[in-house]
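**Student:** I have a structure I would like to understand better, so I am pasting it below and will then ask my questions one at a time.
We did not get these values from a lab; they are worked out from the coordinates using the rules stated. Here the structure is a predicted model, which is why all the values come from computation and not from measurement. Heads up, the Cβs are rebuilt from the backbone with ideal geometry, glycines too, and the neighbour counts pull from every protein chain shown.
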Amino acid sequence: MRQEDGLRSGFVSIIGRPNVGKSTLLNAILGEKVSIVTPRPQTTRNRIIGIKNLPDAQIVFIDTPGIHRPRHKLGEAMVRAAVSALGEVDLVLLMVEPVTDDPEDLRIVALLRSVRSPVFLVINKIDTVPKRQLLPVIDSFRERHPFQEVFPISALKRDGIGELVETIRATLPRGPRYFPEDLVTDQAERFMVAEIVREKIMAMTQEELPYSVAVEVVSWTEREDGLLSIGCNIYVEREGQKAIIIGKQGSMLKAIGSAARIDIEKLLHARVFLALWVKVRKKWRDDDHVLRDLGYRA
């Protein structure tokens, strides 16, 4: 790790309940899409690292799954990933919506009692409420935890993002660059491809189906003509779910593949042939072996 005179660096964990905009915030800060975003809660399943390189700083963000009450082993693994991100970081961002006394928010605030690092309160989606509603929200959270800073923002509209990043930079200690300056995320390309496919499934299929879906990259070959051939297995828990993803005469699977291929080509800067197969693995979200194979800590 290279030490530069005057350089500030450190790790910043972004936590909060599902669907408050953590991934949207990370993508807005980085100016690139490193974490998938959908309107559905519990989209992020793994810890995603995003790296913001500045002339005099390197900020390593950790985007975590939403903290919720898990109903299966996958949910338990997601919550463990989020809570573990509270330890040994230089700064914690608690992201909330502009509401008071949400029971899930209060549960997360209680977890902060054992955190030694500074904690910023980030109130997202301020564009959805009148400004007069923000002060009671701020007062309510300050009564429960001594937040070092409070930032009302709109991650979607990028309102307040610059001030937040500058205060984070000023708060971090002197330190080295932990990653090369041209790196935006530590996620492997295969993981990113699987996440893009899962994002398109979540965007295009019925309400309850996405939570029973996992994607695994099973083949990756570069042809002599430069075309990258990628094969992915899409796992569901029931035959009926498989039928939904395939669609009438394969129409849904074709639409998912076409949309995913466009984003994958942007990610990899290459022409891509994408093959998708849908397979049933019953109760995979409660199967330790399957969860480990898919990269989740069971």
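**Student:** Taking amide H positions as placed in the peptide plane 1.01 Å from N, state which residues far from Leu91 in sequence (5 or more) or on other chains have amide H under 5 Å from it.
**Tutor:** Amide H to amide H, under 5 Å and 5 or more residues apart or across chains, Leu91 pairs with Phe11, Ser13.
**Student:** In whole Hz, with x marking every Gly and Pro, tabulate ³J(HN,Hα) for the range 215-223 from phi via Karplus 6.51 cos²θ - 1.76 cosθ + 1.60, θ = phi - 60°.
**Tutor:** 10, 10, 7, 10, 8, 7, 9, 9, 7
**Student:** What's the center-to-center distance, using Cα atoms, between the range 215-289 and the range 143-157 in Å?
**Tutor:** Measuring centre to centre over Cα atoms gives 38 Å.
**Student:** Over 23 Å apart: what share of the alpha carbon pairs of the range 139-298 falls there, rounded to a whole percent?
**Tutor:** Value for the range 139-298: 56 percent of Cα pairs lie more than 23 Å apart.
**Student:** Follow-up question, since we're still on this one. What is the range 211-272 by shape, rounded, prolate or oblate, if you read a ≥ b ≥ c off the alpha carbon gyration tensor as root eigenvalues and call it rounded for a/c under 1.5, prolate for a/b larger than b/c, and oblate otherwise?
**Tutor:** It comes out prolate by the Cα gyration axes.
**Student:** For the range 152-236, what does the alpha-carbon gyration tensor say about shape, rounded, prolate or oblate, given a ≥ b ≥ c as the root eigenvalues, a/c under 1.5 as rounded, and a/b over b/c as prolate?
**Tutor:** Cα axes put the range 152-236 in the oblate bin.
**Student:** Which of the residue pairs Lys52/Lys125; Lys125/Lys200; Lys200/Lys248; Lys125/Lys266; Lys125/Lys283; Lys125/Lys282 have a Cα-Cα distance greater than 26 Å in the structure shown?
**Tutor:** The pairs that break the limit, which is 26 Å between Cα atoms, are Lys125/Lys266; Lys125/Lys283; Lys125/Lys282.
**Student:** Considering amide H positions built from the backbone, and no H for Pro or chain starts, which residues 5 or more places from Arg177, or on another chain, come under 5 Å of its amide H?
**Tutor:** Here the answer is Arg2, Glu4, since their amide H atoms fall under 5 Å of that of Arg177.
**Student:** Return the sequence-ordered ³J(HN,Hα) values of the range 115-125 in whole Hz as given by the Karplus equation 6.51 cos²θ - 1.76 cosθ + 1.60 applied to θ = phi - 60°, using x for Gly and Pro.
**Tutor:** Working through the residues one at a time gives 7, 8, 6, x, 10, 9, 8, 10, 9, 8, 6 Hz.
**Student:** Let me ask something additional. Under 20 Å from a point 7 Å along the Cα-to-Cβ line of Glu88: which residues of the range 166-184 have their amide N that close?
**Tutor:** Zone members listed by number: 172-180.
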